[in-house]
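Data first, discussion second: the structure below is written as structure tokens.
Coordinate-derived values only; no laboratory data. Because the structure is predicted, anything quoted here is derived from the model rather than measured. Cβ sites come from the backbone with ideal geometry, for glycine too, and all protein chains shown count toward neighbours.
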Amino acid sequence: MKPTFLFASIATVALALFAGAVPSAEAQAGYSLKAIESRPIPRDDHFALWKDVALRACSESKERFNLEASQCRRVISERGDSCAAKLQNESPLMISSTEVSRHLGRKYLQCATPYYFCKGVEVKTEEEARSKCR
């Protein structure tokens, strides 16, 4: 796979996730990213919803990340809590706006979601892709 195609694919995945094509997640408490304006979401539940969004991307992880679905879920599960912790200081206790939700969700997904894997190595830049994917 050529590095340019690789990063075009990553960008496409990111746009689909960040633009709101996926965020229809609903937590056990009945919170929904789509209904955040009418029913604000506590910070921890908000990040749990975005984790669900990230985990759903694993259903197409072979095409998106060159990982098996189980590997994708493992990566997200390992990173998810630390990503949420990193964002705690810039997150309000209650998220009540779609704009804030998407801003935090974008940062969460960038942190928790795997990048593309070549030969078992995660590549994050075109330079890494050129050196690892040949």
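Over 26 Å between Cα atoms, which of Lys51/Lys124; Lys34/Lys119; Lys62/Lys107; Lys34/Lys62; Lys51/Lys132 qualify? Don't jump to the answer; show the numbers that get you there.
Values: Lys51/Lys124 20 Å; Lys34/Lys119 38 Å; Lys62/Lys107 23 Å; Lys34/Lys62 28 Å; Lys51/Lys132 28 Å.
In this structure, Lys34/Lys119; Lys34/Lys62; Lys51/Lys132 lie more than 26 Å apart at Cα.
In the range 32-58, which residues have a backbone nitrogen under 17 Å from the label point lying 7 Å from Ser97's Cα in the Cα-to-Cβ direction?
Label zone hits: 34-43.
Expected output is a single nm value to one decimal: the length gained when fully extending between Lys62 and Glu90, i.e. 0.36 nm times separation in residues minus the C-alpha distance. What is it?
Values: separation 28, 0.36 × 28 = 10.08 nm, distance 3.29 nm.
Gain on stretching Lys62 to Glu90: 6.8 nm.
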